[in-house]
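In what follows, a structure is listed as structure tokens, so that the remarks can point back to it.
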Amino acid sequence: MELVYASSLKPTVFDISRLNKFTNSSRNSAVGSLFVPGLGSNSANSLVAMGSSGSSKTKFLTGSACYVLEDVPHLTDSIPDLPTYPNPLQDNPAYSVVKQYFVNVDDTVAQKIVVHKNSPRGTHFRRAGPCQRVYFESDDVHACIVTCGGLCPGLNTVIREIVCGLYHMYGVKKVLGIDGGYRGFYARNTVTLTPKTVNDIHKRGGTILGTSRGGHDTSKIVDSIQDRGINQVYIIGGDGTQKGASVIFEEIRRRGLKVAVAGIPKTIDNDIPVIDKSFGFDSAVEEAQRAINAAHVEAESIENGIGVVKLMGRYSGFIAMYATLASRDVDCCLIPESPFYLEGEGGLFEFIEKRLRENGHMVIVMAEGAGQEVLSESIQSTDKQDASGNKLLQDVGLWISHKIKDHFAKQKKVAINLKYIDPTYMIRAIPSNASDNVYCTLLAQSAVHGAMAGYTGFTVGPVNGRHAYIPFYRIIEKQNKVVITDRMWARLLSSTNQPSFLSAKDILEDMKEEENCTELLGNGDSSYSSLIDKEISCIYHNAL
Ligand SMILES: Nc1ncnc2c1ncn2[C@@H]1O[C@H](COP(=O)(O)OP(=O)(O)O)[C@@H](O)[C@H]1O
Ligand SMILES: O=P(O)(O)OC[C@H]1O[C@](O)(COP(=O)(O)O)[C@@H](O)[C@@H]1O
Ligand SMILES: [Mg+2]
């Protein structure tokens, strides 16, 4: 049993695997508080739970009305008695006039903001921002930045703002860029980054550091961090990258190093859970409009014109869904989460025929991961993967274009004119738009504040509009997907008026699957969030 102290409250620490038993035996405690032996049932008492999920430790702090803080690790968890220093920002003329510039140590951000009067308060995350005391002296900081995975608009902005944030806010002068993703730690050169060298990189697409898939060798990476004397690691990347960051963090902690590991979530697909959205997503949706416009102009200009646009989205169809909603020129949007079929009543071909009869043209937008099951039934699917283990997809846009052409050629009733546009890599390579630039700046600064304050093993991101520090295990436990039984997909269906391709039975099955999934996660080792949510609502309802 370990004892840790968080905020001003006296904590009790216990193994999370015992939470079930522990909370079951406390059902008679006062509403809104968990009964902790030794702390009594006073709702002012809180408990801190530190348990292990496989190799990963989890920190929970509970409060009244079933409040739970899923906190992030801190350097002092494994290296106690580290010295602290006043935050240099307090002497910064720009910030000295700002009222309450520092975040309160008890500030947290609620994960669920739609509540009822009797709802438990539920899960919260630590609010991101500058803290009064920091755990690094400016001259002692040696930071590094790495970018991994696929490209995404805004990568250079995040790099720029980490460098400038460290320099200008904290007086940190040693920042290293790791060349070419994770493998760059041990196989490539590094570049020195200064505000001067990164000054105008936000105007360029891509990443000035280069990126890669695969090549994650944890012990070689941590050896390199240790050998170079790096003590702050900023890791920018998607779900795969954050998994890599999590194991790097574990290894650093195992070796007892004073090194803060901060993740900045990147993915054009918006498939990272918990956070509101990922950077680059807005830019991608905006740029996709140009491709959809082109498809619409082409389709409209000729009799029975059909424009097919393929957008990115391997497992999640967010870009296709938002680009469709933004455009209003799209007749049908196909995403991986919503299965569809081609032939017969209610199928895609029937819908195309109807739209051509009504409007004389149509536009179809599809995510690259859509219809993979139909496609693999039709052509032999391969199980090829990229270097990171992501499934390599067949070109569904090209395949569907051929299918549509074949269908109308066989029918011999309507002569169609189909144009297929694949703007995927053009979209991914653009610089970020204005709103993503602002967003990237906030992400970078929050990451810098967190690392300087000694937090580690966290990903930063907005939760309901407020930036928060989220433990790695919450980011990597599942992927964010479009929920087709949610309002947003219903809005899309009513905007395009396309068929849902689902029978009432399918919808019921989908909802059941969602429920089962939550159940499984709740009982399994991987999702502490679901476990905690289930437990607190159980206690709460029993107490009422
Ligand atoms: N489970 C994992 N454990 C450790 N490293 C991983 C894991 N999954 C992916 N990575 C590493 O993360 C990097 C990026 O992953 P990838 O899936 O290509 O992109 P993204 O981070 O954008 O999802 C790669 O270098 C890959 O080796
Ligand atoms: O061809 P590449 O570079 O491997 O990338 C293709 C994939 O990268 C993405 O753009 C983004 O994926 P990641 O965020 O995992 O890098 C996917 O939409 C796409 O399937
Ligand atoms: Mg990914």
Checklist entry - Asp139 to Ala65: extension gain in nm, 0.36 nm per residue of separation minus the Cα-Cα distance? => result 22.2 nm
Checklist entry - Any idea which of Ala288, Gly263, Leu342 is furthest toward the positive side of the dipole for segment 250-343, if Lys and Arg beta-carbons carry +1 and Asp and Glu beta-carbons -1? => result Gly263
Checklist entry - Between Leu493 and Lys196, what FRET efficiency follows from the Cβ-Cβ distance if R0 is 45 Å, with the result rounded to 0.05? => result 0.30
Checklist entry - How much net charge surrounds Lys196 when only other residues with a Cβ under 14 Å from its Cβ are counted (Lys, Arg +1; Asp, Glu -1)? => result +1
Checklist entry - Of the listed peptides 263-273, 78-88, what is their order by residue-averaged count of other C-beta atoms within 10 Å, with the highest listed first? => result 263-273, 78-88
Checklist entry - By DSSP, what percent of the beta bridges with both residues in segment 178-319 are antiparallel, rounded to the nearest 5? => result 10
Item to check | Where trypsin sites (Lys or Arg not before Pro) fall in DSSP loop in segment 126-207, at most 16 other Cβ within 10 Å | outcome: Lys173, Arg188, Lys196, Arg204
Item to check | Mean accessible surface per residue for segment 320-361, computed with a 1.4 Å probe while every protein chain stays in place, in Å² | outcome: 41
Checklist entry - If each of Met426 and Asp107 carries a label point 7 Å out from its Cα toward its Cβ, how far apart are those two points in nm? => result 4.3
Checklist entry - Of all accessible surface on segment 323-403 at a 1.4 Å probe, what whole percent is carbon and sulfur? => result 46
Checklist entry - Between Thr441, Met452, Leu398, whose Cα lies farthest towards the positive end of the dipole of segment 395-467 when Lys and Arg beta carbons carry +1 and Asp and Glu beta carbons carry -1, centred on the Cα centre? => result Leu398
Checklist entry - Got the relative contact order for segment 220-304 handy, in percent, Cα pairs under 8 Å and 6 or more residues apart? => result 25
Checklist entry - Over segment 265-323, what is the mean sequence separation of C-alpha contacts under 8 Å (at least six apart), divided by residue count, expressed as relative contact order in percent? => result 38
Checklist entry - How far is it, in nm, from the label point at Asn464 to the one at Ser378 when both lie 7 Å from their Cα along the line to the Cβ? => result 4.4
Checklist outcome for this item: If R0 = 41 Å, then Tyr186 and Asn293, at their Cβ-Cβ distance, give a FRET efficiency to the nearest 0.05 of 0.35
Next on the checklist: Quick check: from the Cα gyration tensor, does segment 318-421 come out rounded (a/c under 1.5), prolate or oblate?
Outcome noted: oblate
Next on the checklist: Show me the ranking of peptides 386-394, 362-370 by mean Cβ neighbours inside 10 Å, starting with the highest.
Outcome noted: 362-370, 386-394
Checklist entry - Using a Förster distance of 51 Å, how high is the FRET efficiency between Lys410 and Ala387, based on the Cβ-Cβ distance and rounded to 0.05? => result 0.80
Checklist entry - By per-residue mean of other Cβ atoms within 10 Å, what is the highest-first order of 406-415, 319-328? => result 319-328, 406-415
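The values are calculated or read from the model by the stated rules, or taken from the named source; none is laboratory data. Since this is a predicted model, take the numbers as computed values, not measurements. A quick note on method: Cβ atoms are made from the backbone with ideal geometry, for glycine too, and the neighbour counts reach across all protein chains shown. Note: accessible area is taken over every heavy atom of the protein model, side chains too, but ligands, DNA and RNA are not part of it. Shrake-Rupley method; radii C 1.70, N 1.55, O 1.52, S 1.80 Å.
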